[in-house]
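Scroll down for the structure; my scribbles are underneath it.
The values are calculated or read from the model by the stated rules, or taken from the named source; none is laboratory data. Predicted model only: the values in this text are computed from it and were never measured. Every residue, glycine among them, receives a Cβ derived from its backbone with ideal geometry; neighbour counts consider all protein chains shown. Keep in mind that these areas ignore ligands, DNA and RNA; they rest on the heavy atoms of the full protein, side chains included. Shrake-Rupley method; radii C 1.70, N 1.55, O 1.52, S 1.80 Å.
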Amino acid sequence: YAKPCEVRLRATAKAAGAEEAEAMLAPVVAEVRAALGDYVYGVDVKGLEAVCFQLLKERNLTLSTAESCTGGRVAERITALPGVSSVLGVPQETLDQYGAVSEETARAMAEGARQITGADIAVSVTGVAGPDRDERDNPVGLVYIGLATPEGTFCRRTDSGRRRRDRIQELAANHALDVVR
């Protein structure tokens, strides 16, 4: 099933009983998982956020987020304020040199969120959700996702192209969850 931000695969089997159907499905599911590798985040799960929650719970890890282009209703209002990155300890020199939408800023946001909250890991999202390019002429759809862990900081650059603002935000949220996974 093609969804706006993901693809769900459904395997079915017809048999006399549930056990027999499950036995028929097992090798098919294993083959699909092997072919798709890390793109498969689960089987019989409600969504990527449920997988992340379960993994965090199993490992007894805490998570914090720092969002600049996505967020819930309250976070969205706060992140709309100019200079919000300052509360995360993003150095002004980083913002001046690389801009708010950059790998360097995403890394600093994640590290700041982790330090401020005391979380084990922190994920950050900074990007251009549109409708126009940003002040540095970065294109709509460009998003950086940072992940700060005790082992170091990682960053993923994504570009979802020129899409509606809400679609870019949803895609960015999915990428952020995938990075957490």
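Side notes on the structure shown:
- Selection from region 9-25 of residues that are open to solvent by less than 90 Å² (accessible area, probe 1.4 Å) and closer than 23 Å to Leu48 by Cβ: Ala11, Leu25
- Within region 91-113, residues that are without any contact (Cβ under 8 Å) to a residue 24 or more places away in the chain reach partners that are charged (D, E, K, R) with beta carbons closer than 7 Å, at six or more positions or on different chains, in the pairs Thr94/Glu104; Tyr98/Glu104.
- The residue that is modelled with the highest pLDDT, among those in region 1-30 that are within 21 Å of Lys46 (Cα to Cα) and of a type in the set (D, E, K, R), is Glu22.
- Conditions (1) in a helix (DSSP H, G or I); (2) touching a Leu at 6+ places or on another chain (Cβ under 9 Å); (3) open to solvent by 50 Å² or more (accessible area, probe 1.4 Å): number failed by Val51: (3)
- Which listed residue is open to solvent by 20 Å² or more (accessible area, probe 1.4 Å) and closer than 28 Å to Pro4 by Cβ, from Arg162, Arg114, Arg107: Arg162
- Criterion applied to Val179, Val140 was being touching a strand residue (DSSP E or B) at 6+ places or on another chain (Cβ under 7 Å) and either surrounded by fewer than 16 Cβ atoms within 10 Å (Cβ to Cβ) or closer than 22 Å to Glu104 by Cβ (or both), and the one residue passing it is Val179.
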